[in-house]
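Have a look at the structure below, then the notes.
The values are calculated or read from the model by the stated rules, or taken from the named source; none is laboratory data. Please read these numbers as outputs of a predicted model, since none were measured by experiment. Note: ideal-geometry Cβ built from the backbone for every residue, glycine included; neighbour counts use all protein chains shown.
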Amino acid sequence: MVSLADVKKAQKEIQETIHRTPILTSSLLDERCGMEVFLKAEHLQKTGSFKIRGATNAVKQAAAAGARFITAASSGNHGQAIAYIAGRMGIPAIIIVPEDANRAKVEAIKAYGAKVEYCGLTSAERIPRAEQLAERNNGVYIPPYDHPAVIAGQGTVALEILEQVPEADTIVVPVGGGGLISGILSAVKNSKPSIRIIGVEPETANDTFLSLQKGEITAISGTSTIADGLRTSQPGDLTFPVLKEHLDDLVLVSETEIKEAFRFLLERTKQLVEPSGATALAAVMAGKNEMEIKKAVVVLTGGNIDLLKISHVLEN
């Protein structure tokens, strides 16, 4: 399990690469939600999402161990992050993406200098191919969330939040494979356990919700949520035990609620946040949690959206 010390070590390793992202506020949002809401702007992070934190930590560890080739299987943000940091360090990288991958994210991966290979539609198809390429080229495969260095890197979001909003009583986080929220849990519950951590999943991508209900990792079939960064089939072997032990609550949001949060962020705060990144705010705006919350930090996880698809997201 990742420790607080691991997260603090990761912060030192990655601080020269990443941005310390700002906290945004909106009086209109506070009035609407009946609480103080602080938006952790990871959509303004390098490569457009929090993923650069874990990717940087993992690639640096791999390079220190002698890796001269990196692969990843990613629908977008993780792939961009790996491509960016591998390029900065002069390490060749190949990113395996699904055949229906977001066009904008694929173009960004290429722009950062990595090669792209299309493979199937599911992670079950992409991961073996990425692992195969890594083995053939004496390289290292870095998964998007189920990796200690990735989890520790993502947990650095929490260290910044604790400094920026020390009076916060709740942190609300989107949940895909669980790398971000397990990193945040590892940092917060070992330093300020009174802060509640609430996870949020789309109703149609509820693998972690079902897994927590059953008490064991439970897989689901493919999903069609607009929150494409949260389309995992099951939580990770490393991440799920952390959530099971420490998570205070996990709630579900509808596609309509995600669209409403996306629209609010774009119209009222002038922030372009991808649907996955707006999912946590959707839960707060819809009043999904029954706990009394006075000061909530909502993590806006990414801003990488295909501009041609914005009209679809804005549809009622």
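Here are the numbers:
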{"quantity": "Candidate set: the stretch 1-55, residues that are among the hydroxyl-bearing types (Ser, Thr, Tyr) and not in a helix (DSSP H, G or I); chosen: the one surrounded by the most Cβ atoms within 10 Å (Cβ to Cβ)", "calculated": "SER49"}
{"quantity": "Conditions (1) surrounded by fewer than 22 Cβ atoms within 10 Å (Cβ to Cβ); (2) at pLDDT below 95; number of the one not met by SER74", "calculated": "(1)"}
{"quantity": "Unique match (being small (Gly, Ala, Ser), touching a Ser or Thr at 6+ places or on another chain (Cβ under 6 Å) and either closer than 26 Å to VAL7 by Cβ or touching a residue at least 24 places away in the same chain (Cβ under 8 Å) (or both)) among ALA187, ALA261, ALA227", "calculated": "ALA227"}
{"quantity": "Members of the stretch 269-316 found to be assigned to a strand (DSSP E or B) and touching a His at 6+ places or on another chain (Cβ under 7 Å), listed by number", "calculated": "LEU300, GLY302"}
{"quantity": "Exclusive hit being crowded, with 20+ Cβ neighbours inside 10 Å and at pLDDT 90 or above, set PRO241, PRO235", "calculated": "PRO235"}
{"quantity": "All helices (runs of 4 or more DSSP H) inside the stretch 159-268 with 1 or more residues being more than 19 Å from the chain's Cα centre (by Cα) and not assigned by TED's automatic domain parsing to the domain that holds ILE127", "calculated": "207-214, 239-246, 255-268"}
{"quantity": "Count of the stretch 244-256 residues which are crowded, with 17+ Cβ neighbours inside 10 Å and out of contact with any Lys or Arg (no Cβ under 8 Å at 6 or more places or on another chain)", "calculated": "3"}
{"quantity": "Candidate set: the stretch 133-158, residues that are polar (S, T, N, Q) and either closer than 17 Å to SER75 by Cβ or at pLDDT 95 or above (or both); chosen: the one farthest from the chain's Cα centre (by Cα)", "calculated": "THR156"}
{"quantity": "Residues that are within 21 Å of ILE181 (Cβ to Cβ) and crowded, with 20+ Cβ neighbours inside 10 Å, drawn from the stretch 286-316", "calculated": "ILE293, ALA296, VAL297, VAL298, VAL299, LEU300, THR301, GLY302, GLY303, ASN304"}
{"quantity": "Residues of the stretch 83-121 classified as in a helix (DSSP H, G or I) and more than 20 Å from ASP306 (Cβ to Cβ), total", "calculated": "4"}
{"quantity": "Qualifying residue in the stretch 66-75 (condition: closer than 26 Å to LEU44 by Cβ and in a helix (DSSP H, G or I))", "calculated": "no"}
{"quantity": "Residues located in the stretch 122-144, provided they are in a helix (DSSP H, G or I) and small (Gly, Ala, Ser)", "calculated": "SER123, ALA124, ALA130, ALA134"}
{"quantity": "Residue pairs meeting the criteria (Cβ under 6 Å; at least 6 apart or on separate chains; first surrounded by 14 or more Cβ atoms within 10 Å (Cβ to Cβ), in the stretch 118-130; second of a type in the set (Phe, Trp, Tyr))", "calculated": "ALA130/TYR141"}
